Amino acid sequence: MIEMKSKKKPENKSNVLFHPECLYSETPNESFKLHVLQFVQFDEPKRRTPCILLIQEGPFFLPSLVKFAKKGYTIALVELRANDRFPNVIYDIKETVRYMKKNAGTYNIDPDQMVLMGGEAAVLAGFTSLSHRLDQSEEDCQIHAIIDLYGKVEPSQEEVELDEEAHRKCCKNYLFENFGPILIVHGKEDPFVPIEQSARLYKALKKANKETQMIILEKEGHGGPAFWSKKMCNHYDRFIKSCFQK
């Protein structure tokens, strides 16, 4: 007699929990929220994970983000105020960092492994997180790594001529700051933010002896699913792990 044994599926020892609409700040007229994808390792429930704060234009690609979170990250999807004019948008981002640090136990994150991911506002917030320039508080909001997603990192000549504070929006003016490694990702066919901006920032970072990498997506424009492909998520994963495995 041959006994047929059914194959057991490998037990899923991790998952991603979704915490929607977490209030991180408010004013008399407006409330500011974020949505948290929390990585949980069931056989090690108190394991602390790096925290990625994602500030993104347009829609969030949730299925890809969930898969990315399963690599061992808690991801906070950040909503900014409706009137996201400079420098308010920088203030909001830094408040989300403080919120996640204060609630590190709730989401089992490591407050010493904070990553900012997004465009120019995320880059500026990351560059100035230690000095508290472009800030309204002296509370801890330190960022340890930055992923620049096709950010408009320098103002146009027209903006410089019309805006007295245009120089404060130029990321290259903050290279003297103390900040962590930065990965720059840009589509070569971007119709809104010329890839030359990212190339110039990359060269300036190298010249300033900052730790930096740059990835060019040859056939891509300004954002889209390609930036959240399996291949790109693997790039992000390797970059973040390299920042914290030293």
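The values are calculated or read from the model by the stated rules, or taken from the named source; none is laboratory data. Fair warning: this is a prediction, and the values are worked out from it, not measured in the lab. Cβ: placed from backbone, ideal geometry, glycine included. Neighbour counts: every protein chain shown. Just the protein is used for accessible areas: all its heavy atoms, side chains included, with ligands, DNA and RNA removed. Shrake-Rupley method; radii C 1.70, N 1.55, O 1.52, S 1.80 Å.
Details
- For the chain, size of Cβ-based charge dipole, Lys and Arg +1, Asp and Glu -1, in debye: 1580 debye
- Accessible surface ranking for L124, L175, L80, 1.4 angstrom probe, highest first: L80, L175, L124.
- A 1.4 Å probe, protein heavy atoms only, puts the accessible area of C233 near 10 Å².
- For the stretch 26-131, the extents of the C-alpha atoms along the principal axes are 44, 30, 28 Å, listed from largest to smallest.
- Rg to Rh, two decimals, where the stretch 88-127 supplies the alpha carbon set and Rh follows Kirkwood: 0.99
- Cα pair count fraction exceeding 31 Å, expressed as % - the chain: 24 percent
- Computed log₁₀ I(q)/I(0) - Debye formula, equal Cα scatterers, no solvent, the stretch 130-246, q 0.18 Å⁻¹: -1.07
- Of K33, K230, K70, the residue with the greatest mean-square motion in the GNM of the chain, using alpha carbon springs below 10 Å, is K230.
- Accessible area expressed per residue, the chain, with surrounding protein chains retained (probe 1.4 Å, Å²): 54 Å²
- Solvent-accessible area assigned to carbon and sulfur over the chain amounts to 49 percent, based on a 1.4 Å probe.
- Rounded to 10°, Cα long-axis angle of helix 230-244 versus longest principal axis of the chain: 80 degrees
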